[in-house]
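Every number in this text was worked out from the coordinates using simple rules, so none of it is lab data. Since the model is a prediction, treat every value here as computed from it, not as a measurement. Don't worry about glycine lacking a Cβ; one is built from the backbone with ideal geometry, like all the others, and counts go over all protein chains shown.
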Amino acid sequence: MILSDLLTAKVFDDAGVRLGRVIDGRFALDGRPEAEASLAQARLVGLLVSPHSRGSYLGYERRDLNAPWPIAKLERWRHRGSFLVLWEDLHSIDDDGVHLRAGFTRHDIRLG
Amino acid sequence: MSGKGSGSLADQATGKSSANLSILGVALGILTAIGGFVDIGDLVTNAVVGSRFGLSLVWVTVLGVVGICIFAQISGRVAAVSGRATFEIIRERLGPRASLLNLLASFFINLMTLTAEVGGVALALQLASSVHYLAWVPVAGFAVWLVVWRVKFKILENVTGLLGLTLIVFAVCLFLLNPDWNHLFNQATRPAVPEGEAPATYWYYAVALFGAAMTPYEVFFFSSGAVEEKWTVKDLSQSRLNVLVGFPLGGFLSVAIAACAAVVLLPAGIGVTSLSQVVLPVAEAGGKLALAFVIVGVLAATFGAALETTLSSGYTLSQFFGWSWGKFRRPVRAARFHLVMILCLLVGMGVLATGVDPIKVTEYSVVFSAVALPLTYIPILIVANDPDYMGRHVNGRLLNFTALVFMVIILLAALAAIPLMLLSGAGA
C-alpha cells in the first residue's frame, strides 16, 4: 500500500460513524543518531483526520507557523476538529475507508 | 520579462573580487533586469492602453511593478536560502493536489505566454524584413530551442536583457515628440475613464495591465534562475537590488511605451491592433534610426521572454514531478526537462500556424495571467513563511502585511477578470 491509497479516504469509528477524511500521514524518523537521520527509515506513526476538509493543511499543523496570519487562521478553521490517530488504533482498511478500533484516542494534531 | 536570475554576475565569474568588479556586477544585474523587464505582453498592453486611455491607467503599471518587486524578491530569497526553486518547495509543502492546481494554472498560462512571445519574435522579424510573420514562426521557434539547448544560462539572460535596453528609445522619442507634459501629468495623476469608453472596458484593461506586469512565469523563472546561478544567502542583497532598482526602471519603459501611444496614436484615433502600430510613434519621432533601435529592442525583449517562458515550462513541470532539471546540467542529464521544452515550443508554433493573431493571443494571455495570479502567489507567500525552509530568513511582519494587501488586490483582479472580459466584449 502507498500513502496515496489512504489520502482522502473516509474514516469511521467502531460504530460506523463517519469522523472525517485522511488528510495526511505522520511519520517519525528514528533508530539513527540525528546526524544520520536522513538514512533512517520513515515510520508511519499515524494518520491525520480532518472532519470538514479533504484538503492539505499546508503545513499549518505546526505550532510555530502562524504567518501570514489570515492564511494560518483560515487553514486552522478549515481543519478545525482534526486529530491524529495512531496506526495502532486502526482496526481495518477496506473499500469504504479506514475503520478505527473501539476506544481509539484523538491525539493533538499539532507539531512542535 | 527577464532580468530575474541575474545574481552577482561579474564577481561570481571572476571569483571574490575587488569593489570595482562587484560594482560592475551590480550594474550588469540591474541593467539586465531593466532590459529584460518588458515582454510582448507589456509592449502590446501598454501601447493598446496608451492609444485608448492615455496615461489614465499608469497607476496600474505602478501597482503591478510594486507587486512583482515584492513577489520576485520573496521567491528569490526562498531560492537563495533553501537552494531550491520555489515550485519544488510548493510541491513538497502543499502536497500534490493543492500544488497541482497551481501547476495547471501556471503551466497553461505560461504556454499561452510562450506562444505569444514566439509570435512576437516572428512579428518583430516581419517588421525588420517585410517577410510575412508566419514564415518566421518556425525560424523563431527553432532559434529559441537552439539557444535553450546550447547557450549558457547567464549568457542567454544577459545578452537579451542588455539588448532589450534599446527599448529606451521609447523614452527618448517621447522627449522628441515634445508632448504637453502638463497634460500627460494630469492624465496620470487624475485617472478617469475617457469619454467614449465604457467603465467596464477601462477596468478590463486595468486588469490586463496588472496581469502583464505580474505574469506568473516571472517568479518561476526568477527562482529557478537563482538555483541555476547557485545563489546563496550572500547573494541576497544583490538580488534585492536587481529587483528593487531594475524592475521599477523596467516599469518606466512600460510607461514610456504607453505615453508614446498616448501622444501620437490617441489624438489620431489609431487603436493598436498590430506590432507596427506599437512602434509607429517611435518611427514618427525618431525616423529610421529610432525604428532600427526599437526593432532590435522588441526582438530582444520578445526573444528573451520566449527563452524564459520556454525554460519556465520545463522548470514547472520538472519541479512538480521531481525530474532533474536545469541548464546547469547537460541536456542528457535532464532529458525530460528538455523534452518538455521542445514539446511546448512545438505546441506554441502549432497554435501560431493556425493563423491566430499573436497580438490577440497576447491580449488574452495577460488577462488569463491575472486569473491565475492567486494560485501562483499564495503558495509562494506560504513557503516564504515556513521556518523549516527559511530559518531566520522568513518574511518579516511588514513584508507579510504588504504582500497580503497585494493578495487582496490580486484576488480582486482575478475574480473580476472574466466578468469584465464578458462585459466589455474583451475590450472591444
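What does the charge dipole of chain B about its Cα centre add up to, to the nearest 20 debye, if the Cβ of each Lys and Arg holds +1 and the Cβ of each Asp and Glu holds -1?
Working: 24 positive and 20 negative charges, 254 e Å.
For chain B, the charge dipole is close to 1220 debye.
Only beta bridges with both residues in the protein assembly as shown are counted; by DSSP, about 85 percent of them are antiparallel.
Between A:R63 and B:V233, the FRET efficiency from the beta-carbon distance, with R0 = 25 Å, is close to 0.45. 3J(HN,Hα) couplings calculated from phi for the stretch B:324-329 with the Karplus curve 6.51 cos²θ - 1.76 cosθ + 1.60 (θ = phi - 60°) are, in sequence order, 6, 9, x, 6, 6, 9 Hz; Gly and Pro show x. Taking the fewest neighbouring Cβ atoms within 10 Å as the starting point, the ordered list for A:R21, A:R101 is A:R101, A:R21. For B:C173, B:C260, B:C69, B:C344, the sequence from fewest to most other C-beta atoms within 10 Å is B:C69, B:C344, B:C173, B:C260. Summarising the amide proton neighbourhood of A:L90: residues at separation of 5 or more, or on other chains, whose placed amide H is nearer than 5 Å comprise A:R101. Remark: mean inter-chain Cβ contacts per residue of B:94-100 equal 4, using a 10 Å Cβ-Cβ cutoff to other protein chain atoms.
The 3J(HN,Hα) values that the Karplus relation (6.51, -1.76, 1.60; θ = phi - 60°) gives for the stretch B:365-380 are, in residue order, 5, 6, 6, 5, 4, 4, 4, 7, 3, x, 5, 7, 8, 4, x, 4 Hz. Gly and Pro appear as x. Over chain B, with a Gaussian network built from C-alpha contacts below 10 Å, which listed residue (B:L399, B:L275, B:L43) shows the highest mean-square fluctuation? Among B:L399, B:L275, B:L43, the largest GNM mean-square fluctuation belongs to B:L399.
Counting neighbouring Cβ atoms within 10 Å and putting the fewest first, the residues B:S224, A:S4, B:S22 line up as A:S4, B:S22, B:S224. Each residue of the stretch B:146-156 is assigned a 3J(HN,Hα), and the resulting list reads 4, 5, 4, 6, 9, 8, 5, 3, 4, 5, 4 Hz, derived from the Karplus form 6.51 cos²θ - 1.76 cosθ + 1.60 (θ = phi - 60°), x at Gly and Pro. When both the stretch B:165-191 and the stretch B:310-380 are represented by their alpha-carbon centers, they are found 34 Å apart. For the protein assembly as shown, adding -39500 (n - 2.57) for each run of n ≥ 4 DSSP H residues and dividing by the number of residues yields -21500 deg cm²/dmol at 222 nm. Once backbone amide H atoms are built at 1.01 Å from N, A:G20 has A:V11 as its partners under 5 Å, excluding neighbours fewer than 5 places away on the same chain.
Please state, as a whole number in µm²/s, the translational diffusion coefficient that the Stokes-Einstein equation yields for the stretch B:9-423 at 37 °C and 0.692 mPa s, with Rh defined as the Kirkwood radius across alpha carbon pairs. Here the translational diffusion coefficient equals 155 µm²/s.
Annotation: amide H of A:F27 within the under-5 Å range of A:V45, sequence separation 5 or more or interchain, hydrogens built in the peptide plane. The angle between the Cα long axis of helix B:275-321 and the longest principal axis of the Cα atoms of chain B comes to about 30 degrees, rounded to the nearest 10. Out of all Cα-Cα pairs in the protein assembly as shown, roughly what percent, to the nearest whole number, are more than 42 Å apart? Of all Cα-Cα pairs in the protein assembly as shown, 24 percent lie more than 42 Å apart. Result for chain A in a Gaussian network model with C-alpha springs under 10 Å: among A:V22, A:V85, A:V45, the largest mean-square fluctuation is at A:V45.
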